[in-house]
Structures are given as structure tokens and as C-alpha cells.
């Protein structure tokens, strides 16, 4: 499989390191791409070698890479609008070392949209991600989000994505828990995007997992670790990195007999909803 030039692919998809974190990319065929990455996010109370939010970060990125294999591709922003992650086989015990092998293929593509399907594996671990995107050419994106424009911040060699977003938690109320993000420093979302720093939907997922985990501890009256079975996300609005957001998480289904729990989350700024997430886990 021909190896692809990472800087050129980053230019075409308008995503850059450190958010873009593939070690290599290979052209699998005219509509598919293969890449490898190492897990860097903290998994918190999630069992497994990689957290669901980080999987969505890399697999959504890889899907956009599969869309720009044509050398004539112009810079385009691929904004994920809807996605479903399913973990088919988990791995135990946890093993944070080693490379994950991911593959994406384009299922549908036109000037304004993209649909891609991705799989990721390492050893016994296997998951897949189906994602729909809105495609915005760079000039259109710049006009639409001109109020997000900021001077590019200097990029450190240390990835900010190794640390979770700082949250202030409220008190659990029956089956509901609310958390608020703290103001984020410059460079917190480095690479997403260079001159229009914005909240990645993948970090919404990561934060929701943490809030759901804390709510789960409250409901069971004990600290437990859990395995993500499924995560559905609707990304409704791109939020500037300068905005603080609120995570409203509710447990909508709880079965101690089956050890299965479903959480629904709304991420918003004031009355503006940025994203909605449904997370299914088992203990």
C-alpha cells in the first residue's frame, strides 16, 4: 500500500497535529485509507486500552482522510454531524502500549457531504465507527466561522489531549448530573482548527463519559469501572474554543441485573445546543 505524505493530507482535511495524531497513512484503494496511532488520552473509569472519545477523534479524522486521496483535492473542513461507535470485542487486561490499526472507507461523497465507515483493531480489541460529515471548502468555512478566527497559537511538542478537560461538577440529583467546563487556555484544542480553534466533538464524548461515570458511582453507591458498548453522537453546532459549555447527563435506563446502563447527554452553551450523545455501558 502506498504511503501518504502526512503534511499534505493534513492540509487537505484542514486538521493538523497534535489533534491529528496518526503515525502513518497508507492508500488502501481509491476510496479507503489505513493508518496507525497510539492511545494518549486517559481512560478514566472506562475499561479497555483506549477510551471511546479518543476512538471517535481518530476514526472521524481517518474518514476525512479517505475522502481526499485524489491529489487534486482542495482544502476542505469535514465537520462530523452524526456518528455511531460500537465496541465489538474489548480487551482485558488493559494494555496502553502498542499501535492501533485503523481503516476507513468512503461509502458516499458529494460536494457537500461525506459518509465513511471505519474499523480499529489491536489484538483482541475491535470497534467500528460510522460517521456522516458536512463538507465545507476552506473559503466557505472561513466566511461561516469568521467570528471564530484567532491568531494561531504556538504548538507545543506535548499534546494537550493527554489531559482531560477540566470540569466543575454539580451534585447528583437522582438520575441526573450536570458539569460545567472551565475556561480553556490558548492551544487547548491545537490543530482543531489552526486559525479557528473549536471544540472537537470527540472531547464532548470524553467529558460525557466522565460525567456518566461519576453519576454511575452515585447510583450504585460504589466506584466501578465500566465498558463502553455503544456511543451515538449528533453534533449540531460547532463551538468556539473560547466558549465554556455545560454537560447535562441523565441515566435513562438502568439494569443492575444485566449490569447495563444508558445515559443521554446534552452539551450546550446557555440555550444553544452543541451536541447530543447517548452512551451505553456495562459494568
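On the basis of being more than 18 Å from the chain's Cα centre (by Cα), more than 20 Å from residue 162 (Cα to Cα) and modelled with pLDDT of 95 or more, does residue 13 make the cut? When the stated conditions are applied, residue 13 does not pass them. Going by what's in this entry, would residue 15 be described as under 23 Å from residue 108 (Cβ atoms), assigned to a loop (DSSP other than H, G, I, E, B) and touching a residue at least 12 places away in the same chain (Cβ under 8 Å)? For residue 15, the condition - under 23 Å from residue 108 (Cβ atoms), assigned to a loop (DSSP other than H, G, I, E, B) and touching a residue at least 12 places away in the same chain (Cβ under 8 Å) - is met. Considering 41, 58, 28, 34, the condition of being over 22 Å from residue 200 (Cβ atoms) and modelled with pLDDT of 95 or more is satisfied by 34 alone.
Of all residues in region 173-184, which are over 23 Å from residue 235 (Cβ atoms) and modelled with pLDDT under 95? Selection gives 173, 174. Restricting region 129-151 to residues that are under 19 Å from residue 239 (Cβ atoms) and touching a helix residue (DSSP H, G or I) at 6+ places or on another chain (Cβ under 8 Å) leaves a set whose member that is surrounded by the most Cβ atoms within 10 Å (Cβ to Cβ) is 131. Being surrounded by fewer than 22 Cβ atoms within 10 Å (Cβ to Cβ), closer than 30 Å to residue 144 by Cα, at pLDDT 95 or above and touching a helix residue (DSSP H, G or I) at 6+ places or on another chain (Cβ under 7 Å): is that true of residue 240 here? The answer is yes for residue 240. Residues that are out of contact with any helix residue (DSSP H, G or I) (no Cβ under 7 Å at 6 or more places or on another chain), buried (at least 17 other Cβ atoms within 10 Å of the Cβ) and under 20 Å from residue 183 (Cβ atoms) within region 247-273 comprise 248, 268, listed in sequence order. Scan region 215-247 for residues that are over 22 Å from residue 188 (Cβ atoms) and over 16 Å from the mean Cα position of the chain (by Cα) and the total you get is 13. Give the residues of region 140-164 that are more than 21 Å from the chain's Cα centre (by Cα) and not in a loop (DSSP other than H, G, I, E, B), sorted by residue number. Across region 140-164, the qualifying residues are 140, 142, 143, 144, 146, 147.
The values are calculated or read from the model by the stated rules, or taken from the named source; none is laboratory data. These numbers were taken from a predicted model, which means no experiment stands behind them. Heads up, the Cβs are rebuilt from the backbone with ideal geometry, glycines too, and the neighbour counts pull from every protein chain shown.
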